[in-house]
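Comments concern the structure below.
The values are calculated or read from the model by the stated rules, or taken from the named source; none is laboratory data. Since we're looking at a predicted model, the values are computed, not measured. Backbone-built Cβ (ideal geometry, glycine too); neighbour counts: all protein chains shown.
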Amino acid sequence: MMSTDGSRIIAERKLTFSQNGENVRHELTVQVYLPVEVNSSDVNFDVSPGTASCRVEFNGLNEPPYIAHGADRLQALEFAVNIDPILRSMKNKYRFYFATGEDYFDES
């Protein structure tokens, strides 16, 4: 039987970041949680049987979790693990780096 515990971390990526205009780098851990089925009372849109969500947290940033929704758990997970568009949406505040020090996004 599949677990329905949306508090279980199933994947993570460790990065560093700096706030734009600053040189100090801080640790960032992006965590993806187990997708769960959505109840219609939990969201403000119509759901079909099987509709799911998957939470992504950015530990180290002062940002709210990102909630990816999908037609099912697989699609919600697919949307959640594609973190690049989410991080790109924060480029006006932060610059991201791999743990090796290289830019996360190729800025050339």
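Okay, here's what the table says:
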item: Residue in the stretch 52-59 that is polar (S, T, N, Q) and part of a loop (DSSP other than H, G, I, E, B) present; result: no
item: The stretch 8-41, residues that are outside any strand (DSSP E or B), under 14 Å from LEU77 (Cα atoms) and modelled with pLDDT under 95; result: ARG8, VAL38
item: Unmet criterion (only one of (1) at pLDDT below 95; (2) assigned to a loop (DSSP other than H, G, I, E, B); (3) in contact with a strand residue (DSSP E or B) (Cβ under 7 Å, 6 or more places away or on another chain)) for ASN44; result: (3)
item: Lone qualifier among LEU87, LEU61, LEU77 - being crowded, with 16+ Cβ neighbours inside 10 Å, closer than 30 Å to VAL24 by Cα and under 11 Å from the mean Cα position of the chain (by Cα); result: LEU87
item: Subset of the stretch 25-58 (residues that are within 18 Å of ALA99 (Cβ to Cβ), surrounded by 19 or more Cβ atoms within 10 Å (Cβ to Cβ) and free of Cβ contacts under 8 Å to residues at least 60 places away in the same chain); result: VAL30, VAL32, PHE58
